[in-house]
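**Student:** Let me give you the structure first, and then I'll get to my questions.
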Amino acid sequence: MAEGQVPPAILLMGPTASGKTTLALALARRFPVEIISVDSALVFKDMDIGTAKPNKATLAAFPHRLIDLITPEEVYSAARFREEALLAMREITERGAVPLLVGGTMLYYKALLEGLAELPQADPQLRARLDAEAAEKGWPALHAELARRDPETAARLDPTDRQRIQRALEICLASGRAMSELLAQGKSGPPPCRFLKLALLPAERSVLHERIARRFQAMLEGGLIEEVETLRRRYRLHPDLPSMRAVGYRQVWAWMEGAYADRAELVNRGIYATRQLAKRQITWLANSLPGEPCDCLAPDLESRVARRVEEFLRGGCVGGESRKAILRR
C-alpha cells in the first residue's frame, strides 16, 4: 500500500444463521485478516450456547477481538463498542493485517461507520415514570407513543423491547427532540479506512427460517436451558438486563418462570423471536447499512466472497510503511 493510502477493512454483515462465522473462518485461513466480533451478545462471559459463540479450539486458532468482555450482570454500549473496535482496528492495521469485522449487531456497525452523537443522560425519575406507565398500559402502548414522537426509531424496535423503547422515549421527553434526529447530528463520521462492506442476505427467506429453527433446536439439545440455570446461580440477574433479553435467553428465562405451557411453546417462541431478529437485521441492511449483497445460501458462497476479498485487497497491499497508519477517530 502506498504511503498515505488509507488502510483496508472488511465488514461481514448479515442476519442470524446466515453463516457469518463459518465464512469469516474460511477467509481467515486464506487472507491476512484478524477477526473483530460485532455482536452485542458475544461480549458476555459464560454465555456460549445461546450466542453460538465459537468454541475454545476455534478461538485459540482464530482469536476474536471483543468477545468475553463483561459479565452478564453488566451493560455494554454502542459507544464502548466503537471505542474498542477502533482500537482493535488500529492495532491490527499496525501489525500489517486487515481487520475483518463480523457480526449481526447492526447498531454497532452504524456507530462505527457514522460515529455517535451526544444524548441526554439517564433520568431515574423519568424512567420510573415510564416504567409505571408501562406497568399500567404495556410496552406496546409505549411503543405506539414512541411511533408518534419518533417514527424512525420506533420502526426498527420490537413493540416489547422494553430497554430500547424506554431509552428512546426518555430522550424524546428530556430533549424535546426525536432520538433519530439527535443521532443524525454531531457525528464524527467514518474512520479513515477503505471499507469492503459485504451483506449476507438469503435469496429464499424460508430457507433461512429453516436454518433458524434447526439451530435453536440444536441449542436446546446442546444445553441452553442448563446454561441459563448456571448463569442464574452464578450471577445476580434479572430479566430486564441486556444479557437476559438476548434472543433465546429471554425465552428460556420466561419458560423457567412458568410463562409458557410447555417445552413445545418454548421452542416455538424461541424460533419466532429469532426470525423476528433476522427480519430486523435484514431491514437494517436494506435501509441503513447497504453493502454488496451476497446470497448466504449459495453453495459457492465461500469462493465468491474470497474472490471479492482478493480483488479488494489487491487495490492496496498490506505491509511496509502502511503499518504506521492509525485510526484516530
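**Student:** Would you point out the residue of the stretch 236-250, among those that are in a helix (DSSP H, G or I) and touching an Asp or Glu at 6+ places or on another chain (Cβ under 9 Å), that is farthest from TYR272 (Cα to Cα)?
**Tutor:** The initial filter retains those residues of the stretch 236-250 that are in a helix (DSSP H, G or I), namely 243-245, 249-250.
Remaining after also requiring touching an Asp or Glu at 6+ places or on another chain (Cβ under 9 Å): 243, 245, 249.
Numbers: SER243: 19, ARG245: 15, TYR249: 13 Å.
Only one residue tops the list, namely SER243.
**Student:** Search the stretch 96-135 for residues being farther than 13 Å from ILE36 by Cβ and touching a strand residue (DSSP E or B) at 6+ places or on another chain (Cβ under 9 Å), and hand back the single one that is surrounded by the most Cβ atoms within 10 Å (Cβ to Cβ). Outline the logic, then answer.
**Tutor:** Just the residues of the stretch 96-135 that are farther than 13 Å from ILE36 by Cβ, to begin with: 96, 104, 106-107, 110-111, 113-135.
Now narrow it down to the ones that are touching a strand residue (DSSP E or B) at 6+ places or on another chain (Cβ under 9 Å): 104, 106, 113.
Values: GLY104: 26, MET106: 23, LEU113: 18.
Out of the qualifying residues, it is GLY104.
**Student:** Kindly list the number of the only condition in (1) at pLDDT below 95; (2) within 21 Å of the chain's Cα centre (by Cα); (3) not hydrophobic (A, V, I, L, M, F, W, C) that fails for GLY316.
**Tutor:** (2)
**Student:** Please go through (1) in a loop (DSSP other than H, G, I, E, B); (2) in contact (Cβ under 8 Å) with a residue 12 or more places away in the chain for ALA199 and return the number of the only condition it doesn't satisfy.
**Tutor:** (1)
**Student:** Could you identify the single residue in PRO293, PRO242 that is in contact with a Leu (Cβ under 6 Å, 6 or more places away or on another chain), touching a residue at least 12 places away in the same chain (Cβ under 8 Å) and under 28 Å from MET89 (Cβ atoms)?
**Tutor:** It is PRO293.
**Student:** Condition first: of a type in the set (Gly, Ala, Ser), within 18 Å of GLU227 (Cα to Cα) and surrounded by 14 or more Cβ atoms within 10 Å (Cβ to Cβ). Now tell me which residues in the stretch 247-274 satisfy that. I'd like the intermediate steps shown before the answer.
**Tutor:** At the first step, the residues of the stretch 247-274 found to be of a type in the set (Gly, Ala, Ser) are 248, 254, 258-259, 261, 264, 270, 273.
Keeping just the survivors that are within 18 Å of GLU227 (Cα to Cα) gives 248, 254, 258, 270.
Correct list: GLY248, ALA254, GLY270.
**Student:** Sticking with this structure for a sec: Can you list the helices (runs of 4 or more DSSP H) found entirely within the stretch 55-118 that contain at least 3 residues being more than 14 Å from the chain's Cα centre (by Cα) and not assigned by TED's automatic domain parsing to the domain that holds LEU157?
**Tutor:** By residue number, 56-61, 78-94.
**Student:** Separate question: Can you pull out the residues in the stretch 38-54 that are acidic (Asp, Glu) and either part of a helix (DSSP H, G or I) or out of contact with any Asp or Glu (no Cβ under 9 Å at 6 or more places or on another chain) (or both)?
**Tutor:** To start, the set of residues in the stretch 38-54 that are acidic (Asp, Glu) comprises 39, 46, 48.
Scanning the stretch 38-54 gives a single hit, ASP39.
**Student:** Filter the stretch 2-47 for residues that are surrounded by fewer than 22 Cβ atoms within 10 Å (Cβ to Cβ) and at positive phi and give the result.
**Tutor:** Result: GLY4, GLY19, ASP46.
The values are calculated or read from the model by the stated rules, or taken from the named source; none is laboratory data. Source: prediction; values computed, not measured. Virtual Cβ from ideal backbone geometry, glycine too; neighbours counted across all protein chains shown.
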